[in-house]
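Before any comments, here is the structure.
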Amino acid sequence: MAEGGILLVHVSFRAVRPVEGGPLGLIAALRAALGPAGTLVMPSWSDRDDQPFDPAGSPAAADLGVTADLFWRMPGALRSHHAHAFAALGPEAARITADPLPLPPHIPASPVGRVHERDGQVLLLGVGHDADTTLHLAEILAGVPYRTPAWLTVLQDGRPVRIDYRENNHCCARFALADDWLRAEGLQAEGRVGHAHARLARAKDIVRLARRHLAADPLLFLHLPGAGCAECMAARASVR
């Protein structure tokens with residue numbers, strides 16, 4: 001990874017462990033590798049769509065894992081003030097987390113978009129590209145035609161209000177195609193971190209290659225009809 005750079009991490013601590021110091025030890029090791037000029041970023045959104053998001057109190061969604069939920073609580077960490085939150089720690093943290101609520105979640109004016117804009121890297125620890133939010137940014141930039149209904153709750157004038165929107169959502173299993181694209185061009189470093197398989201690539205490389213393939217087939221990331229994937233079928237059905 002690039003010392004002094006920006007690093008967006010998606011991690012399954014269960015896959016990595018054991019690590020000296022537990023999840024906090026893993027965070028400390030990542031920060032040490034980045035150095036004091038580096039900025040560490042992790043997803044930090046909530047899974048409580050029926051409740052307004054509280055950046056100082058809402059736990060990170062359970063499927064983000066224990067590392068992400070501990071990270072936003074660390075001294076000095078900044079967290080987005082909206083339900084599609086990321087947390088960041090380092091010199092670029094304020095810029096990465098400053099945008100207002102992005103709808104859909106991974107537009108250029110979002111934490112993922114800001115990591116890409118600043119030529120950050122993406123590290124997948126014990127997870128595959130199915131967890132890679134940068135590929136959702138690539139879908140937005142490529143103009144994929146699918147959007148499925150989603151909603152969340154915000155506070156307006158002190159009262160909870162439901163916000164409905166449409167999102168480029170699906171099962172994400174076919175995001176695994178990015179492995180082949182990146183490997184073919186020598187743009188993905190891979191190895192072991194603890195007991196987990198790790199993947200490291202520049203956000204700009206991930207987006208560039210995904211956009212190239214989506215230009216040829218905008219539905220590439222969706223399972224074919226008959227594959228039995230309800231989420232991908234819903235995405236296909238949304239195409240107008």
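Readers should treat all values here as calculations from the given coordinates under stated rules, not as data from a laboratory. Values in this document were obtained by computation on a predicted structure and should not be read as measured data. Note that we place each Cβ from the backbone using ideal geometry, even for glycine, and neighbour counts take in every protein chain shown.
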Revision key, fill the gap. Cβ-Cβ cut-off under 13 Å around Ala237, Lys and Arg +1, Asp and Glu -1: the net charge is +3
Point to revise | Estimated distance in nm for a label pair at Ala227 and Arg147, the labels positioned 7 Å out from Cα along Cα-to-Cβ | key: 2.3
Exercise for review: Taking every pair of Cα atoms in segment 126-210, average 1/r, invert it to obtain the Kirkwood radius, and report Rg/Rh to two decimals.
Suggested key: 1.11
Exercise for review: Rounded, prolate or oblate: pick one for segment 70-160, where a ≥ b ≥ c are the square roots of the eigenvalues of its C-alpha gyration tensor, a/c under 1.5 means rounded, and failing that, prolate if a/b is larger than b/c, else oblate.
Suggested key: oblate
Check your understanding: What residues have an amide H closer than 5 Å to that of Phe86, excluding those fewer than 5 places away on the same chain, when H is modeled at 1.01 Å from N in the peptide plane?
Key -> Ser44, Ser80
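Where in segment 145-204 are there GluC sites (Glu not before Pro) that are in a DSSP coil and have at most 12 other Cβ atoms within 10 angstrom of their Cβ?
Of the GluC sites (Glu not before Pro), the ones in loops of segment 145-204 whose Cβ has at most 12 other Cβ atoms within 10 Å are Glu185.
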Practice item. Express as a percent, rounded to the nearest 5, the fraction of DSSP beta bridges in the chain (both residues included) that run antiparallel. Key: 75
Practice item. Specify whether the C-alpha gyration tensor of segment 32-82 places it in the rounded, prolate or oblate class, a ≥ b ≥ c being the square roots of the eigenvalues: rounded for a/c under 1.5, otherwise prolate if a/b is larger than b/c and oblate if not. Key: prolate
**Study point:** Euclidean distance of C-alpha centroids, segment 56-92 and segment 190-240, integer Å
**Key:** 25
Review point. 222 nm [θ] for the chain, helices only, -39500 (n - 2.57) per DSSP H run of 4+, per residue, to 500?
Key: -8500 deg cm²/dmol
Revision key, fill the gap. Comparing Pro111, Pro102, Pro36 in a Gaussian network model of the chain (Cα, 10 Å), the one with the largest mean-square fluctuation is Pro36
Exercise for review: State whether segment 6-237 is rounded, prolate or oblate according to the following rule on the C-alpha gyration tensor (a ≥ b ≥ c being the square roots of its eigenvalues): a/c under 1.5 gives rounded; otherwise a/b larger than b/c gives prolate, and the remaining case gives oblate.
Suggested key: oblate
Review point. If pairing requires two Cys Cβ atoms under 4.7 Å apart, which cysteines of the chain are left without a partner?
Key: Cys171, Cys172
**Study point:** Residues with amide H under 5 Å from that of Ile6, placed H, sequence gap 5 or more
**Key:** Thr39, Gln121
Revision key, fill the gap. Per GNM of the chain with C-alpha springs under 10 angstrom, the most fluctuating residue out of Ala61, Ala98, Ala230 is Ala230
Point to revise | segment 217-222 - phi-based ³J(HN,Hα) in whole Hz, Karplus 6.51/-1.76/1.60, Gly and Pro as x | key: 8, x, 9, 4, 7, 9
